[in-house]
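A short write-up of the structure that comes next.
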Amino acid sequence: MQKITKLFITRSGAWSFIVLLLFFLAIAIRLLYFPENVYFAYDQARDSYTSLEILKGDLKIVGPPSAAGDKLFAGPGVYYLYAPIYFLTGNNPEALSLFLRIINSAGIFLVFGISTILFNRQVGLLTSLFYAFSYEQTQYSLFLSHQPQAVVPILLFYLGLCLLIFKNNPKGLFLSAVGAGLAVQFHYLYLYLLGTLFLILALFQKIKVLKTKEALYSLPILIFLFSTYIISEIKFNFMTIISFSQLAHSGGIHIKEALFILNRFLGDNLFANSSSTLYLGILLLIISLFLLFRKETKKQIIFLLIWLLTNLSPYLFSGTPSYYYSAASNVSILIFVSFILYTIFKKYSVLSLLVALGIIYNNLYLIQSVNPKGPNLYTIIQPGMLTHDQKRALDYVYTQSQKKEFGVKALSVPLNVNTTWSYLFEWYGQQKYGRLPIWIGPIADGYAGLKAESNREKIPSTQFLIIEPTIGIREAVRDDFLKEENYFTRVVDEQQFGTIKIQKREKF
């Protein structure tokens with residue numbers, strides 16, 4: 001007990017204790033509205049099924065498909081992250097979401113380390129506070145997908161670079177290699193981090209570090225973490241490289257979209273007023289140019305600018321407004337603003353405090369406005385696919401079935417794919433009620449889920465039709481789907497659970 005007391009009365013121990021408190025604060029903020037805002041749609045169910053296959057010994061070398069092309073795939077790292085969590089929690093996606101929110105919160109320790117190395121502990125503490133309240137990072141923590149899991153690896157990448165550049169510690173190269181390798185597992189576009197690495201080494205005249213033993217140790221780590229890509233490319237005739245090169249060749253440069261992302265960075269993290277972010281951006285640009293001419297801050301500002309601008313590079317080529325490629329990009333802005341507020345605090349303490357409180361208020365406002373509904377529309381297609389409402393829908397189905405056999409069909413995205421609801425019935429329905437429905441076919445081939453019965457004569461009289469949020473389904477397709485069901489059954493009851501509609505039906 002005396003040793004612990006001595007630790008916390010030392011200056012170092014006090015700083016560590018405060019950062020630990022901020023870590024718990026970050027967790028608390030990310031757990032606001034939990035578990036009601038756990039989002040679970042087709043992509044989440046697909047990745048969950050694949051992760052369970054790993055637990056059965058079916059190892060994966062290819063990850064989730066990319067929206068950019070049917071032959072572009074991320075690494076399988078997300079499956080290996082999910083699998084042990086599912087093993088420990090009984091395949092529970094809500095428990096998985098809890099773990100991922102904690103992992104995102106743990107980024108606060110890396111943020112503190114980076115900011116402290118670049119400037120000092122005060123700046124590190126303020127940046128950590130902003131990270132804890134960051135609306136953008138809470139959104140990453142809510143989204144059950146592979147892209148957001150790159151946040152912590154990217155922070156590790158930049159921590160390593162900080163150690164190398166500003167502390168002359170070659171071991172930082174090893175950390176950067178680990179961070180880059182893990183990030184690429186979660187999305188192939190994070191390969192740009194290798195370009196960032198060489199750019200920073202060149203600008204800061206650290207190329208000679210590539211001849212050290214740390215570089216020798218780092219290379220096998222990179223090869224190991226890239227090995228799934230290497231093996232899959234050889235196995236599948238380099239389909240990802242060919243597809244990516246074709247996409248890059250035909251895509252062009254999307255300057256307008258990249259500026260939109262930069263504008264969103266400012267709004268999501270500093271001031272959520274679209275009419276003012278332009279002026280805020282100009283002000284920050286002027287300040288950064290001023291600091292570039294100060295010898296004591298030149299290197300730090302260059303480092304942060306490279307961090308921000310290289311993280312924007314995927315948007316220049318993809319043109320998508322999503323959050324998919326910008327994991328941890330906002331931290332460079334948070335560090336920069338924290339340093340500005342620290343610098344002006346002595347002369348303009350009231351102003352500095354007001355701005356800091358304004359930033360926190362901005363993020364809390366966005367969190368309270370958006371997070372109760374789960375991930376925002378920049379990350380998902382279907383709003384409202386929340387486990388809270390899905391479980392209520394399943395409770396209704398099982399209760400109305402009165403312990404008898406029943407059939408289920410869904411108007412789903414993708415159409416005629418039962419992956420999402422199959423997972424929910426197997427995880428929640430079977431564990432709670434001890435039985436599964438008969439799925440009414442036909443269903444599309446090649447998707448994980450319950451086996452379907454297409455012979456209507458074999459389907460029980462009591463049936464339930466699940467109608468998902470129809471964003472992504474054409475109205476004509478929806479009408480034809482319902483018209484076909486009306487040939488076989490009639491609606492006897494209908495209930496709404498959030499954006500999910502359940503119709504209880506009976507055979508004629």
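The values are calculated or read from the model by the stated rules, or taken from the named source; none is laboratory data. These numbers come from a predicted model, not from an experiment. Here Cβ is always computed from backbone atoms with ideal geometry, including for glycine, and neighbour counts include all displayed protein chains.
Within the group LYS404, LYS373, which residue is touching a residue at least 40 places away in the same chain (Cβ under 8 Å), of a type in the set (D, E, K, R) and farther than 24 Å from GLN139 by Cα? Steps first, please.
Values: LYS373 fails: farther than 24 Å from GLN139 by Cα.
Only one candidate qualifies: LYS404.
Can you tell which of ALA452, ALA448 is outside the structural domain of GLU257 (by TED's automatic domain parsing) and either farther than 21 Å from SER51 by Cα or in contact with a Gly (Cβ under 9 Å, 6 or more places away or on another chain) (or both)? It would help to see each step written out before you state the result.
Numbers: ALA448 fails: either farther than 21 Å from SER51 by Cα or in contact with a Gly (Cβ under 9 Å, 6 or more places away or on another chain) (or both).
Result of the check over ALA452, ALA448: ALA452.
Can you pull out the helices (runs of 4 or more DSSP H) entirely within the range 83-157 that have at least 3 residues that are among the hydroxyl-bearing types (Ser, Thr, Tyr), more than 30 Å from LYS391 (Cα to Cα) and in contact with a Phe, Trp or Tyr (Cβ under 9 Å, 6 or more places away or on another chain)?
On the way: elements: 93-118, 121-133, 135-142.
Hits in the range 83-157: 121-133.
Quickly run through the range 470-494 and pick out the residues that are under 37 Å from the mean Cα position of the chain (by Cα) and either within 23 Å of THR399 (Cα to Cα) or of a type in the set (A, V, I, L, M, F, W, C) (or both). Before the answer, list the steps.
Residues of the range 470-494 under 37 Å from the mean Cα position of the chain (by Cα): 470-482, 494.
Result: ILE471, ILE473, ALA476, VAL477, PHE481, LEU482, GLU494.
So, in the range 362-381, how many residues would count as being part of a helix (DSSP H, G or I) and closer than 13 Å to ASP268 by Cβ?
Step one: of the range 362-381, the residues part of a helix (DSSP H, G or I) are 362-373.
Now narrow it down to the ones that are closer than 13 Å to ASP268 by Cβ: 362-367, 369-371.
Adding up the residues that qualify gives 9.
Between a residue in the range 202-228 that is in a helix (DSSP H, G or I) and any residue that is of a type in the set (Lys, Arg), which pairs come within a Cβ distance under 6 Å, given they are 6 or more apart or on different chains?
Once the first residue is in a helix (DSSP H, G or I) and sits in the range 202-228, its partners that are of a type in the set (Lys, Arg) give GLU214/LYS171.
Which ones in the range 253-263 are free of Cβ contacts under 8 Å to residues at least 12 places away in the same chain and not aliphatic (A, V, I, L, M)?
Taking the range 253-263 as the starting set, the residues that turn out to be free of Cβ contacts under 8 Å to residues at least 12 places away in the same chain are 256, 259.
Result: LYS256, single match.
Go through the range 433-507 and tell me which strands (runs of 3 or more DSSP E), entirely inside it, have 3 or more residues that are aliphatic (A, V, I, L, M). Reasoning before the result, please.
Numbers: elements: 438-440, 462-467, 489-497, 500-507.
Output list reads 462-467.
Taking the range 471-481, which residues are over 12 Å from SER412 (Cα atoms) and of a type outside the set (Gly, Ala, Ser)?
Once the filter is applied, which keeps residues that are over 12 Å from SER412 (Cα atoms) and of a type outside the set (Gly, Ala, Ser), the range 471-481 yields GLU475, ASP479, ASP480.
Quick one: ILE360 ticks every box in (1) outside the structural domain of ILE335 (by TED's automatic domain parsing); (2) at pLDDT 95 or above except a single one, so which number is it?
Checking ILE360 against (1) outside the structural domain of ILE335 (by TED's automatic domain parsing); (2) at pLDDT 95 or above, the one that fails is (1).
Give the range 276-304 a look and list any residue that's modelled with pLDDT of 90 or more and surrounded by 17 or more Cβ atoms within 10 Å (Cβ to Cβ), or say none.
THR297, GLN300, ILE301, ILE302, PHE303, LEU304
GLY358 - would you say it is over 22 Å from the mean Cα position of the chain (by Cα), within 17 Å of ALA272 (Cβ to Cβ) and not aliphatic (A, V, I, L, M)?
On the way: over 22 Å from the mean Cα position of the chain (by Cα): yes; within 17 Å of ALA272 (Cβ to Cβ): yes; not aliphatic (A, V, I, L, M): yes.
Spelling it out, GLY358 is indeed over 22 Å from the mean Cα position of the chain (by Cα), within 17 Å of ALA272 (Cβ to Cβ) and not aliphatic (A, V, I, L, M).
Determine the pairs where a residue that is without any contact (Cβ under 8 Å) to a residue 12 or more places away in the chain, located within the range 494-508, has a partner that is charged (D, E, K, R) and in a strand (DSSP E or B) with Cβ atoms under 7 Å apart, the partner being 6 or more residues away or on another chain.
Pairs that qualify, where the first residue is without any contact (Cβ under 8 Å) to a residue 12 or more places away in the chain and the partner is charged (D, E, K, R) and in a strand (DSSP E or B), are GLU494/LYS501.
So that you can scan it fast, the table gives a plain yes or no per residue for (1) in a helix (DSSP H, G or I); (2) buried (at least 18 other Cβ atoms within 10 Å of the Cβ):
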site	(1), (2)
PRO383	no, no
GLN390	yes, yes
LEU394	yes, yes
TYR398	yes, yes
VAL408	no, yes
THR420	yes, yes
GLN431	yes, no
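Given (1) surrounded by fewer than 18 Cβ atoms within 10 Å (Cβ to Cβ); (2) over 30 Å from LEU32 (Cα atoms), where does LEU351 come up short, assuming only one miss?
Among (1) surrounded by fewer than 18 Cβ atoms within 10 Å (Cβ to Cβ); (2) over 30 Å from LEU32 (Cα atoms), LEU351 violates only (2).
So GLY63 clears everything in (1) of a type outside the set (Ser, Thr, Tyr); (2) out of contact with any strand residue (DSSP E or B) (no Cβ under 7 Å at 6 or more places or on another chain); (3) in the same structural domain as MET239 (by TED's automatic domain parsing) except one condition, right? Which one?
(2)
Residue check, ASN92 against (1) in contact with a Ser or Thr (Cβ under 8 Å, 6 or more places away or on another chain); (2) over 18 Å from ILE360 (Cβ atoms), all met but one. Which one?
The failed condition is (1).
Which of the residues belonging to the range 254-299 are farther than 30 Å from LEU164 by Cα and of a type in the set (Phe, Trp, Tyr)?
Across the range 254-299, the qualifying residues are PHE260, PHE271, TYR279.
For the range 290-313, give me each residue that is within 16 Å of LEU199 (Cα to Cα) and of a type in the set (Phe, Trp, Tyr).
Answer for the range 290-313, where residues must be within 16 Å of LEU199 (Cα to Cα) and of a type in the set (Phe, Trp, Tyr): PHE303, TRP307.
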